[in-house]
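Visitor: Provided herewith is a single structure, encoded as structure tokens, for subsequent inquiry.
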Amino acid sequence: FGMWQLGRGTAKGEIEAAINENEVVSENPRLPIQDVESWRYKQIHLTGHYAIKKQFLLDNQVRDRTSGYNVLTPFYIDGDNVWVLVDRGWIAQGIDRGTLPDVENAGTETQQISGRIYVPYSAAYSLGDIAEGEDSGWPRRIQFVDYDQLSIRIGKTLQPFTLRLAAD
């Protein structure tokens, strides 16, 4: 167990170093990105609009001992004909799991957003389906992020990364 903790500590240090190395902000990078791994943790600005009618709620996200979701919203990049999945942050589940929170507050007008690119290190580990039988209606509750599966659900090809919004 102690060796595992040391390994996790080393890995966390490497991630923090990568984040600090990538403080350079790229204004509206040309998408799609060919070598997405080289963009991990870079800060970027994008101009486009949200597709608020087709959002995902990443289930089982806990903050301060409260269950909730990360709100994942497709974002269309103006001029590039490219879609990016944006992590807009965490929202509490609420009293009843049967009632999903209202997340249609991003607006559909063209806007500039800023954030950090998150590229997964490997495919998501799962014991079940991405939607666990809840694969209808919007927003859609999901158990993990699979860019190919999410692309099918929205009918658009998503880039293989998530833009995690900067706290403004």
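Visitor: How big is region 109-168 by the Kirkwood estimate over distinct Cα pairs, in Å?
Guide: 13.4
Visitor: Which whole-Hz couplings ³J(HN,Hα) result when phi for each residue of region 97-102 is put into the Karplus expression 6.51 cos²θ - 1.76 cosθ + 1.60, θ = phi - 60°, listed in order with x for Gly and Pro?
Guide: 5, x, 10, 7, x, 7
Visitor: Whose amide H sits under 5 Å from the amide H of Gly115, counting only residues 5 or more places off or on another chain, with H placed in the peptide plane?
Guide: Sorted by chain and number, the residues that satisfy this are Ile44, Ala166.
Visitor: What is the mean projected area of the alpha carbon convex hull for region 66-125, to one decimal in square nanometres?
Guide: 6.2
Visitor: Just need the relative contact order of region 34-74 here, percent rounded to a whole number, with Cα pairs under 8 Å and 6+ apart.
Guide: After rounding, I find 34 percent.
Visitor: Set the Förster radius R0 to 25 Å, insert the Cβ-Cβ distance between Asn105 and Asn60 as r into 1/(1 + (r/R0)^6), and round the FRET efficiency to 0.05.
Guide: 0.65
Visitor: Could you give me the ³J(HN,Hα) list for region 114-120, computed from phi with Karplus coefficients 6.51, -1.76, 1.60 and θ = phi - 60°, whole Hz, x at Gly and Pro?
Guide: 10, x, 10, 6, 10, 10, x
Visitor: Another question, then. For region 59-68, take each phi angle, set θ = phi - 60°, evaluate the Karplus expression 6.51 cos²θ - 1.76 cosθ + 1.60, and give the result in whole Hz per residue in order, putting x for glycine and proline.
Guide: 6, 6, 9, 10, 10, 6, 6, 10, 6, x
Visitor: For region 86-150, calculate the relative contact order in percent as a whole number, restricting contacts to Cα pairs under 8 Å that are 6 or more residues apart.
Guide: With pairs under 8 Å counted, the relative contact order is 21 percent.
Visitor: For Ile142, enumerate residues with amide H under 5 Å from its amide H, sequence gap 5+ or separate chain, H modeled in the peptide plane.
Guide: It is Leu57, Leu58, Asp59, by chain and number.
Visitor: Note down the nm distance, to one decimal, between modelled labels 7 Å out along Cα→Cβ at Trp138 and at Ile152.
Guide: Here the answer is 1.9 nm between the modelled labels.
Visitor: Still on this model: So what's the gap between the Cα centers of region 142-168 and region 41-110, to the nearest angstrom?
Guide: Taking the Cα centre of each part, region 142-168 and region 41-110 sit 9 Å apart.
None of the figures in this text is laboratory data; all of them are computed from the coordinates on show. Keep in mind the model is a prediction, meaning the values are calculated, not measured. Note that each Cβ is placed from the backbone with ideal geometry, even for glycine, and that neighbours are counted across all protein chains shown.
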